[in-house]
Each structure stands twice: as structure tokens, then as C-alpha cells.
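Note sheet for the following structure.
The values are calculated or read from the model by the stated rules, or taken from the named source; none is laboratory data. Please read these numbers as outputs of a predicted model, since none were measured by experiment. Please note: Cβ atoms are built from the backbone with ideal geometry, for glycine as well, and neighbour counts cover all protein chains shown.
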Amino acid sequence: MITWIVRRLIQACFVVLAMTVIVFVGVHVIGNPVDILISPEADQAERARIIASMGLDQPLWRQYGYFLWDALHGDLGRSFVFNEPALRLIAQRMPATLELAVTAVLFSIIFGVPLGLYAGLRPDGFSARAIMAGSILGFSLPGFWVGLMLIMVFAVQLGWLPSTGRGQTEMLFGVPWSFLTWDGLRHMFMPALNLSLFNISLVLRLSRAGVRETLPMDFVKFARAKGLAPSRVIFVHVLKNIMIPIVTVLGLELGSTIAFAVVTESVFAWPGMGKLIIDSINVLDRPVIVAYLMMIVLLFIAINLAVDILYMVLDPRVRLERKA
Amino acid sequence: MRPTFRALPGLVLSFVIFLALGQAQGQSLSIASSAPVTSIDPHYHTLAPNESLSAHLFERLVTRDAEGRMIPALALSWRIRDDRTWEFKLREAKFHDGSPFTAEDVAYTLNRVPRVKNSPASYSIYTKAVTGTEIEDPHTILLHTAGPYPLLATDLANIFIIPHTLGPDPATEDFNSGKNAIGTGPYRFVSYTPGDRIEMERFDDYWGEKPHWKHVTYRIISNDAARTAALLAGDAGIIEFVPPADLPSLRKDSRVTLSEVVSNRSIFLWLDHSHTGPTPFVTGPNGETLDKNPLNDLRVRQALSMAINRQAIVDRVMEGAAVPTGQYLRPGGFGYVPDLKPTAYDPARARTLLAEAGYPKGLRITIHGPNDRYVNDAKIIQAVAQFWQRIGIQTTVDAMPWNTFVARAGKLEFSVFLLGWGVSSGEGLNPLRAQLATWNPARGLGTANRGRYSNPAVDALIDQAMETMDDGAREKLVQKAMKTAMDDVPVIELHLQKNIWATRKGLVYQPRVDEATLAMGVHEAK
């Protein structure tokens, strides 16, 4: 187990290193942040001065060397745009994205699993067919369009929910969270729903398929023959068995929900990391791009690790050492 | 009876709270701005959204009114003592921390501006003309320049004054946290959530007219559709940069009032003047390399300009959110040339000129442009390409993100490309010096001359104007320089954008030439 985790971590370091090289080269190829940030009225001498002050006049390998040296000392550099440490900028925005993504994943379980169970148990019923048809919409409608429609209906037409923004926040562990206030929850409902639509459909389909596959199996028949209550058969025996693929997928989806919440965040003006990274890419704010991607890579690795461990808990047949 | 009595104070209290809330709501305003503020430090980054926000908290010596004319702010008056000395008389004002505003704060600010650490776009370009400061009395300051410099007051209209009590080298981060966010402006800093919002309160000791709104929330909603939705849902009282696509429906919407004004930002096509041999993206009609750059021929430039129907672009592509132009300045700007009209649409004459220049079978041209920078930028070059097709020029369009575009434009890789230029100072020497003067790093001229246009006659007129302290004489020189240059078609001017705001019904906004969205300009309709 331990060796397996250590091996995973060493792999992670190499992935992070490779990623930083790609970002450095990529940003260098695209252009020069100073051209974008500088005042159009600044003269050539001023431009040269700023390029030098950001260290962009050095050859790329040397810039990368400085970066590695500082990174080893725990400093990922300061944002060219905001003049704040890149990590602090990301940490400032992270709670907003985290709570949005976690809520979205919760939504996908709360809505997806029961609907999928229902559709799997009564596959020929009218409602089951309606649910399945609805899930196709959840897959195929583009997120930004759905987001705008939600705003138009619930904020503009009906006026039930606020249109955009994060709302009131409450401090917990020194971090502002909006799920702790009623106003914050009202602001969070639409973006979280928007972000979870795809996952709801995914979970729904996975649960349905799982149920359909599990029901004819011998252990279910045996449980029924033993005279267990139908609810116990479904909610304990069937549900437990269909959870493995759902946990796997949701684990991976949590990562991508966090990393790619950008569409929802920009439609709902949600001040999370997604908006920060897109703005940073637009102005080639390299320290922020690098720090953000490093964090995302680590996040994915951590989630994969957690999913693997959860496997063991859910299914004792899985033995990690042998698998690795 | 007793329970009722017990409840009474509670009832009264809740009624009072209810009234207070109603009151507070009536006096608070939510502004939805379109682009993120990168810092609260007013000297950190020369960026329009930052300046728009800073104008609530801080003030300049000289500022510009909604029309772009210079008016006194913290300076009561200013005059030129001699060619190298300017005198500014200062008004009585108070900073948000209660300390009085004096000449020392001006000297301190001018000293601080070039020393801001890690500034990606320093305000020192507006203070570098000042070689020395001299405090005559607490409310009079003399500024010295190395030579005659007629634009000093114009430049200082960009510099926000901060109090000298902040001590040596105040850190940008301390402005963001609010600790150093102390100015003399009509609003006080309350809080800043990066990427989301800035909260402000009315400053009761403000020297000037007290603004109407007690509490202002300055929110950042970059997505165009979301901004419009926020207005319609009532979450924002005013939004800026109304997207042209929404204009037709908003004009009919009774819940919304629009205010618009022609801005000082013109959109134009740069032509490559730098290559004397073949230019990279212009070839013969069959794709063959030409021996010389056709864009160096005035007749070709005129033909390309005449072939474009500017009114059609303004009506169809821009949904009326622009006006055709033939120069950088809006009518009324200092140095605007009244008889320099937008080039008339004349495809027949364009064909003739092209034939006279030796290209009767036309040319092949690729137009480059950004697709995320100016209003409808990619659509504009598509429209231009179609007009050029009609005079026999096979035109392709290549639009790309600004970050890639600007790097390639800087390397002179393009032949014809779309750009915009906002004349922030509102006077003509700004585009002349930055855009049309010969590229000269040593003298800091032609800094944005991306086509490397060079015309000695224009250069001479610019030099002369830069030494002319008298406003009237200088304006004549500026007009002459602009006319000389534009008759030579260094760039193909297309249109001036309109700045458009939308407010909730019952509110009006005084539209501003400089794109700034100010709570001070939002009033309740009478």
C-alpha cells in the first residue's frame, strides 16, 4: 500500500514537471504578456524596462531555471497582472469554485441516483422513458445556453432567484463560504444546477444500467427468495453493487467539474478559479497559469488516489498492490 | 394586555428597521462593469477599468468632464509661468482619513508613481515630463519640465493623488486590502473581493457635490449576456458596454433606459508601410509574389479605403453603435479637422485607381485581426473582405485571439490588420505622436506605429506642435498635421465606437466619452 502510494507520488512529480515545461514553452510561443498588459501609450524604452523587470528578456531556459529554483523554495512567483503571489490569488478564488463543484456533484447524486434507480426498476413505464429522454437533453445542451436560459426564466421572468454573483458569505476557518447563508445558497442554486446537469444525466444513466444489470443476478434472486423486504434488496444489495462505477465516474468528474467550471462561472459571474485562469490565459499571466495547472494536476492525482482507496472499501475483491 | 405591550417595542423596532432598509435600498446602487479591476492601487496599472473604479476613491489635479474637456478637480486653477514652469493652485480638501490635502501630497504622489513595484503598465509615462517640484505654500505647487511641454496638464489628468501620510513606497497589496486605499474622492473604500466586487460608501466630508448614492457596489460581470440579464433581473442598476447584439431588443424594452455617446476610440485598418519589397500577405491575383509592396502606392491605399461602405458596417455589423469616421478624434476633440470627412463609398473609382496603379486584375490580400478585443472585431474584417471582393481583390480573413495577434503584429508579420485606438487624452497629439510619427525608440515617438508609416512633413509638424505652448496655435498645427497625414491614407479609418450604458428605468446616466462608469453620474430621472 505505502510503496504503491509513494510510486504514485513520484509519478505525479514527473507529470507536474512535464506540465510546467509545456506551459513555459507554450506561453513563450503565443506571445509576450508585456505587449498585452502595457499601456498602448508607453514608449519603447518603457516597454523594454518592463520586460526586463519581469525577467522576460532572459533566455527561456534561464527563466525556467529561475522558476524551478523558486518553486523548490515554495515560491511559484507573482502574478504579472495582479502583483500578488500566484498561489494566494488561486487560494482566494478556490473556496468559491470548490463549494460550487461539490454542490454540483451532490446534486448529481441527489437527483441522479434516485431517478436512475426508478428508471432501472420500471424500465417500460412512461416516467422512466421521460427521464431517459430528459437525460439526453442534459448531455447535449450546451452549458452556457442552459445557464442563460435558467437566468432568463428564474431571475428575469419569475424573479425568484438572483441572476449572478456569489451573494453573502460567512467566514469558516478564515475562508468565506456562501453555503452558510440563505442569500449565498440562493445565489448558488442556479450555477450549481447548471454545472451538475451533465453529471446528473451521467449518474442517472449509470445507475439505470447498473440496476438493469444487477437485478437478474443470482444474489438478488437469492435475497428475494430468502424473504428480505424489497426495499432492503434494492437499497442495500443492489445499490451497493452499482455504486462502484458511479463512485469512479463521480470522482473523476469532481476533478473536471472543479477544473472546468469556467463556463458556468463566467455566465453566472461566479468569482471562482475558472474565471481567473481564463483571464490569465488571455493576458498570458504565466505564473498564475503554471500555479493553477500544477494544482489541477495534483488535484486529479489526489482524486484518483482517493477513488482507488474507495474501491477497496466498497469492494474487498480489489487488491491494490497486485493491481499496481 | 400585557403580551401586546411587550410586543410593541419589537413591532416599532421592526418597523423602523423596515423603513431603514427601504431607505438604504433607495440609496444604494449596483454597477455591473465589464472587465476585472486588477488593483485598487491607482498607480499600478494603466487600465481603463482600474481608472473607472479609482475615480470614485481618488481624485486627480485636473480631470475630464463627460465630454472629455479638462476641468479642475483638486487643482483650483493652473497656468504656465514660463516655458518650463507650471503653477497649480490647490483647493482645500480632506482625505478619507481626515488629513488635509496639501501640495506635499502632490509632490509625494509624483515621486511615488515611477516607483511602484512590478507595475506591468506604469503611470510614469504621464509623470516623466516633470523634472522637479517646488512647494511655494501648502496650496501652491510649481512643476518644472526639461523643455517646453504643452501637454503637462493633459498628462496629469491621469494621475490620482494619494496622501503623503502613507509613508515611503506604499505597497500595492495594502491598497487591495483597503489599508492604503485613501483618497479625497466622493466614495470611501469598504471592501474588495478580487474578480467579484468592490463595495464603497459615500464620503461625507467630500469637498464637492455629494453624490446621490450612499452605498455603491461595483460588480464585475464580464459575460455580455449575463450583464444584460443582471440589469433585466434588477440585480444591477446600471451596466456598461451594452453588447450591440442586445441593442435592438433593449431599445424597445420599457424597463430600461439607454444612454450613448460617440467615443474617442476609432477602429481602423493598419497598412504595412515597412516592406519596400513584397509584403507578406499581399500577392498578385494568382498568388504570385510581387516585386514591390503595393500598399506603398497611395492609389492602392485610396482604392482600398473607397471600396468600403462604412455606413453599411455601422448599420449592419455594429447595429448603430458606431459612426463612420475619417480621423482618430471625435467631433469636438482638440485638433479635430472639420473638413476631414469619412471616405465616401465609391467602388467604381476604386477599381479605376487600382488599374491606374498597375493592378487591373486585382490582388490577393489576407486581413488579420483580433477576435476578442474590440466590439465585433472579427465581423468587421469579414465585412471589409466582402467589400474588397467586389473591386476584384480576393480577400481572406484571419481572426485570432488578441494575445497571439498582438505578438505577431509586433513582429510586423501582417500586411493589413484591424486595430483600434482610444484617444485617452482627447487631443490630437496623442494619436499623432503614438501612431503616425515615424517609429523612433530614442525619442519615444511612433510607439504604436505598427505599420511603420513615415512622413517627414507630418513629423515636422508634430515637433513644432510639441513646442507650442499656446493652445490656439497648437491646435492649428495639430489639425494641419492630422490632415496632411490622413490625406496620405496611412491607415484606413472605419468608425468611432459609441459608448453605451443601460440603466434601470427611473435612472439616467450621463454618458462619458472616456468609457468610465461612475456612480456620481447616475441620477434618478426627474
Out of A:ALA86, A:ALA71, A:ALA91, I need the residue that is more than 7 Å from chain B (Cβ to nearest Cβ) and crowded, with 21+ Cβ neighbours inside 10 Å. Which one?
A:ALA86
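For region B:439-449, which residues satisfy the criterion of being surrounded by fewer than 22 Cβ atoms within 10 Å (Cβ to Cβ) and at negative phi?
B:TRP439, B:ASN440, B:PRO441, B:ALA442, B:ARG443, B:LEU445, B:ALA448
Only one of A:VAL290, A:VAL283 is at pLDDT 85 or above, in contact with a helix residue (DSSP H, G or I) (Cβ under 7 Å, 6 or more places away or on another chain) and within 14 Å of another protein chain (Cβ to nearest Cβ); which?
Values: A:VAL290 fails: within 14 Å of another protein chain (Cβ to nearest Cβ).
Unique residue meeting the criteria: A:VAL283.
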Has region B:252-273 got any residue that is within 26 Å of B:VAL375 (Cα to Cα) and without any contact (Cβ under 8 Å) to a residue 24 or more places away in the chain?
yes
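With the requirement that a residue be facing chain A (nearest Cβ under 9 Å) and in contact (Cβ under 8 Å) with a residue 24 or more places away in the chain, what does region B:218-227 give you?
Taking region B:218-227 and keeping what is facing chain A (nearest Cβ under 9 Å), we get B:219-223, B:225-227.
If the condition is that a residue be facing chain A (nearest Cβ under 9 Å) and in contact (Cβ under 8 Å) with a residue 24 or more places away in the chain, then B:ARG219, B:ILE220, B:ILE221, B:SER222, B:ARG227 are the ones that fit.
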Looking for something aliphatic (A, V, I, L, M), closer than 26 Å to B:VAL406 by Cβ and more than 14 Å from chain A (Cβ to nearest Cβ) - is there at least one such residue anywhere in region B:327-343?
yes
Does B:ALA146 meet the test of being at pLDDT below 95 and buried (at least 17 other Cβ atoms within 10 Å of the Cβ)?
no
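Under the condition of being in contact with a Phe, Trp or Tyr (Cβ under 8 Å, 6 or more places away or on another chain) and among the β-branched types (Val, Ile, Thr), which residue from region B:149-164 is surrounded by the fewest Cβ atoms within 10 Å (Cβ to Cβ)?
Step one: of region B:149-164, the residues in contact with a Phe, Trp or Tyr (Cβ under 8 Å, 6 or more places away or on another chain) are B:152-153, B:155-156, B:158-164.
If we keep only those that are among the β-branched types (Val, Ile, Thr) as well, we get B:159, B:161-162.
On the way: B:ILE159: 23, B:ILE161: 26, B:ILE162: 25.
The selected residue is B:ILE159.
Here is a list: B:ARG91, B:ARG188, B:ARG112. Which entry is more than 14 Å from every other protein chain (Cβ to nearest Cβ), touching a residue at least 60 places away in the same chain (Cβ under 8 Å) and under 25 Å from A:ALA48 (Cα atoms)? Don't jump to the end; show me each part of the working.
On the way: B:ARG91 fails: under 25 Å from A:ALA48 (Cα atoms); B:ARG188 fails: under 25 Å from A:ALA48 (Cα atoms).
Within the list B:ARG91, B:ARG188, B:ARG112, the selection yields B:ARG112.
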Quick one: which of B:GLY178, B:GLY195 is farther than 27 Å from A:ALA52 by Cα, modelled with pLDDT of 90 or more and of a type in the set (Gly, Ala, Ser)?
B:GLY178
Got at least one residue in region A:43-66 being in contact (Cβ under 8 Å) with a residue 60 or more places away in the chain and either touching a helix residue (DSSP H, G or I) at 6+ places or on another chain (Cβ under 9 Å) or buried (at least 19 other Cβ atoms within 10 Å of the Cβ) (or both)?
no
Note: among A:PRO176, A:PRO245, A:PRO216, just one is assigned to a helix (DSSP H, G or I) and not hydrophobic (A, V, I, L, M, F, W, C), namely A:PRO245
If you go through region A:192-199 one residue at a time, do you hit one that is away from chain B (no Cβ under 13 Å) and touching a Pro at 6+ places or on another chain (Cβ under 8 Å)?
no
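Results for (1) closer than 20 Å to B:VAL416 by Cβ; (2) part of a helix (DSSP H, G or I); (3) within 14 Å of another protein chain (Cβ to nearest Cβ); (4) small (Gly, Ala, Ser), shown as yes or no for each residue.
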{"site": "B:ARG443", "(1), (2), (3), (4)": "no, no, yes, no"}
{"site": "B:ASN449", "(1), (2), (3), (4)": "yes, no, yes, no"}
{"site": "B:ARG452", "(1), (2), (3), (4)": "yes, no, yes, no"}
{"site": "B:ASP463", "(1), (2), (3), (4)": "no, yes, no, no"}
{"site": "B:THR468", "(1), (2), (3), (4)": "no, no, no, no"}
{"site": "B:GLU475", "(1), (2), (3), (4)": "no, yes, no, no"}
{"site": "B:MET482", "(1), (2), (3), (4)": "no, yes, no, no"}
{"site": "B:ALA485", "(1), (2), (3), (4)": "yes, yes, no, yes"}
Out of all the residues in region B:345-365, is one or more part of a loop (DSSP other than H, G, I, E, B), among the charged types (D, E, K, R) and within 19 Å of B:GLY422 (Cα to Cα)?
no
Are any residues in region B:387-438 within 9 Å of chain A (Cβ to nearest Cβ), outside any helix (DSSP H, G or I) and crowded, with 18+ Cβ neighbours inside 10 Å, and if so, which ones?
B:TRP421, B:GLY422, B:SER424, B:SER425
Quick one: which strands (runs of 3 or more DSSP E) sit completely within region B:16-130 and have at least 3 residues that are surrounded by 15 or more Cβ atoms within 10 Å (Cβ to Cβ) and of a type in the set (Ser, Thr, Tyr)?
B:28-33
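Out of B:ARG443, B:ARG390, B:ARG433, I need the residue that is over 23 Å from the mean Cα position of the chain (by Cα) and without any contact (Cβ under 8 Å) to a residue 60 or more places away in the chain. Which one? Give the derivation first.
Working: B:ARG390 fails: without any contact (Cβ under 8 Å) to a residue 60 or more places away in the chain; B:ARG433 fails: over 23 Å from the mean Cα position of the chain (by Cα).
When all the criteria are applied, what remains is B:ARG443.
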(1) under 25 Å from A:LEU298 (Cβ atoms); (2) more than 7 Å from chain B (Cβ to nearest Cβ): which one isn't true of A:PHE80, the others all being true?
(2)
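For A:GLY147, are the conditions met, namely being surrounded by fewer than 17 Cβ atoms within 10 Å (Cβ to Cβ) and under 30 Å from B:TYR192 (Cα atoms)?
When the stated conditions are applied, A:GLY147 does not pass them.
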Test of understanding: among B:PRO163, B:PRO148, which residue is touching a Ser or Thr at 6+ places or on another chain (Cβ under 9 Å) and more than 21 Å from B:ASP83 (Cβ to Cβ)?
B:PRO163
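Please go through region B:228-251 and give me each residue that is part of a loop (DSSP other than H, G, I, E, B) and more than 9 Å from chain A (Cβ to nearest Cβ), ordered by number.
Across region B:228-251, the qualifying residues are B:GLY237, B:GLU240, B:PHE241, B:VAL242, B:PRO243.
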